[in-house]
Amino acid sequence: MSYRVSVTHQAEKLLDRLDSPTERRIRSRFVQLAEDPFDPRLSSPLVERAGARKSRVGGWRILFMVDRDANVIYVLTIDTRGQVYRHS
């Protein structure tokens, strides 16, 4: 079962500011997550926030939530490891 990925406006703005290779790597992760957002090689639950998950792409983190009923992944924010948890 494939999920649709919905990216918030804030996350989309950040993606636009990234260099091309990093943006491609993060967008590639979106494709991987769409296939199976619960794959432990791709993501893990966020302990501090029930229902949220995180995915690591190099020094970047993607925070997202999964709506199983609607088959949608909501990308909440993307930021560096040191900053991402301050936004959530």
Please verify whether the range 24-45 includes one or more residues that are among the aliphatic types (A, V, I, L, M), closer than 16 Å to Thr77 by Cα and at pLDDT below 95.
-> no
Flagged in the range 32-50 as surrounded by 10 or more Cβ atoms within 10 Å (Cβ to Cβ) and not small (Gly, Ala, Ser), in numbering order, are Gln32, Leu33, Glu35, Asp36, Pro37, Phe38, Asp39, Leu42, Pro45, Leu46, Arg49
Could you tell me whether Ser44 is in contact with a helix residue (DSSP H, G or I) (Cβ under 7 Å, 6 or more places away or on another chain) and among the small types (Gly, Ala, Ser)?
-> no
Looking at Arg24, Arg53, Arg29, which one is over 15 Å from Tyr3 (Cβ atoms) and either buried (at least 18 other Cβ atoms within 10 Å of the Cβ) or of a type outside the set (A, V, I, L, M, F, W, C) (or both)?
-> Arg24
Assuming Gln10 fulfils every condition listed in (1) surrounded by fewer than 15 Cβ atoms within 10 Å (Cβ to Cβ); (2) outside any helix (DSSP H, G or I); (3) within 13 Å of the chain's Cα centre (by Cα); (4) not acidic (Asp, Glu) apart from one, which condition is it?
-> (2)
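Answer with yes or no whether Leu63 is part of a strand (DSSP E or B), free of Cβ contacts under 8 Å to residues at least 40 places away in the same chain and not small (Gly, Ala, Ser).
Judged against the criteria, Leu63 is a match.
The values are calculated or read from the model by the stated rules, or taken from the named source; none is laboratory data. Here the structure is a predicted model, which means the values were calculated and not measured. Quick reminder, even Gly has a Cβ in these numbers, built from the backbone with ideal geometry, and neighbours come from all protein chains shown.
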